[in-house]
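One structure below.
The values are calculated or read from the model by the stated rules, or taken from the named source; none is laboratory data. For clarity, every value in this text was computed on a predicted model and none was experimentally measured. Here Cβ is always computed from backbone atoms with ideal geometry, including for glycine, and neighbour counts include all displayed protein chains. Please note that ligands, DNA and RNA were not included when accessible areas were found on the heavy atoms of the full protein model with its side chains. Shrake-Rupley method; radii C 1.70, N 1.55, O 1.52, S 1.80 Å.
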Amino acid sequence: MTENIDIELNQEKVNGQYGYRILKRSFDIIASAIGLVVLSPVFLAVAIAIKCDDGGPVFYDQIRIGKNGKKFKMYKFRSMRVNAEDEIEKLQEHSEVDGAMFKMKNDPRVTRVGKFIRKTSIDEFPQLLNVLLGQMSIVGPRPPLPREVADYTQYDKQRLYVKPGCTGLWQVTARNSVGFQEMVNIDLDYIQRRSIWLDLKIMFKTVKVIFVPNEAY
């Protein structure tokens, strides 16, 4: 886990990693296309489970902020009650993470199926479509909500120098065991050190999390 110290990134240097970015995008296209095909039986099983649970929509889309502050529609399996976003204001005071992010361990909006797919990160699988479309990468920082970015400092906005990811260093290490500022530092540490080798290690740990869940909720 990275130390709680400020990390200042050079945006020009980050944008100039041409070889790495070409390889990463090529891998993202191939991996997301294969993943959508190979995981289709899982998609079907989860869709049936969600429908049987409460009869609501299978998928959930939400506006997120991507690279350089660009908005995009992110896809997930629905893990909360229908219209869960309407309840966020009254639950805000119960957030267990300080800073510009809402997290609540025993969130009453989460469905029975939702608890399992969130714990194993299966709810993130539809984001492979976002990867294929070029809005996200397999590995990168967590894609934030517009309301979260509205509270970002200039330091925090460094997270937006790169595409957000389906998984990342924060997700496979500290996850919800640290606060917002620690998450930002972990993401900036990743951006500073990112490489194909580091991405592969994060992906390997992500597969492990599916079978041995960490602090996800």
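Go through (1) part of a helix (DSSP H, G or I); (2) open to solvent by 30 Å² or more (accessible area, probe 1.4 Å); (3) at pLDDT 90 or above one by one and return the number of the condition Lys90 breaks.
Just one mismatch for Lys90, condition (3).
Quick one: is Arg159 open to solvent by less than 20 Å² (accessible area, probe 1.4 Å), in contact with a helix residue (DSSP H, G or I) (Cβ under 7 Å, 6 or more places away or on another chain) and of a type in the set (Lys, Arg)? Steps first, answer last, please.
Numbers: open to solvent by less than 20 Å² (accessible area, probe 1.4 Å): yes; in contact with a helix residue (DSSP H, G or I) (Cβ under 7 Å, 6 or more places away or on another chain): yes; of a type in the set (Lys, Arg): yes.
Taking the combined requirement at face value, the residue satisfies it.
So in the stretch 126-150, with the set limited to residues that are more than 20 Å from Leu9 (Cβ to Cβ), assigned to a loop (DSSP other than H, G, I, E, B) and out of contact with any strand residue (DSSP E or B) (no Cβ under 7 Å at 6 or more places or on another chain), which one is most open to solvent (accessible area, probe 1.4 Å)?
So the first thing to find is which residues in the stretch 126-150 are more than 20 Å from Leu9 (Cβ to Cβ), and the list is 126-135, 138, 145-147, 150.
Now restrict to residues that are assigned to a loop (DSSP other than H, G, I, E, B): 126, 133-135, 145, 150.
Imposing the further condition that a residue be out of contact with any strand residue (DSSP E or B) (no Cβ under 7 Å at 6 or more places or on another chain) reduces the set to 133-134, 150.
Numbers: Leu133: 105, Gly134: 22, Ala150: 80 Å².
Here the answer is Leu133.
Which condition from (1) under 20 Å from Gly168 (Cα atoms); (2) open to solvent by less than 90 Å² (accessible area, probe 1.4 Å) is the one that Ile30 breaks?
(2)
Taking the stated definitions as given, is Lys201 surrounded by fewer than 22 Cβ atoms within 10 Å (Cβ to Cβ), among the basic types (Lys, Arg) and over 17 Å from Lys76 (Cα atoms)?
Numbers: surrounded by fewer than 22 Cβ atoms within 10 Å (Cβ to Cβ): yes; among the basic types (Lys, Arg): yes; over 17 Å from Lys76 (Cα atoms): yes.
For Lys201, the condition - surrounded by fewer than 22 Cβ atoms within 10 Å (Cβ to Cβ), among the basic types (Lys, Arg) and over 17 Å from Lys76 (Cα atoms) - is met.
All but one of (1) modelled with pLDDT of 95 or more; (2) surrounded by fewer than 15 Cβ atoms within 10 Å (Cβ to Cβ) hold for Glu3; state the number of the condition that does not hold.
Result: Glu3 passes all but (1).
Within the stretch 62-87, take every residue that is open to solvent by less than 80 Å² (accessible area, probe 1.4 Å) and of a type in the set (Asp, Glu) and give me the one that is modelled with the lowest pLDDT.
Quick first cut of the stretch 62-87, residues open to solvent by less than 80 Å² (accessible area, probe 1.4 Å) only: 62-67, 69, 72, 74-80, 82, 84-85, 87.
When the remaining residues are screened for being of a type in the set (Asp, Glu), the result is 85, 87.
Numbers: Glu85: 73, Glu87: 69.
It comes out as Glu87.
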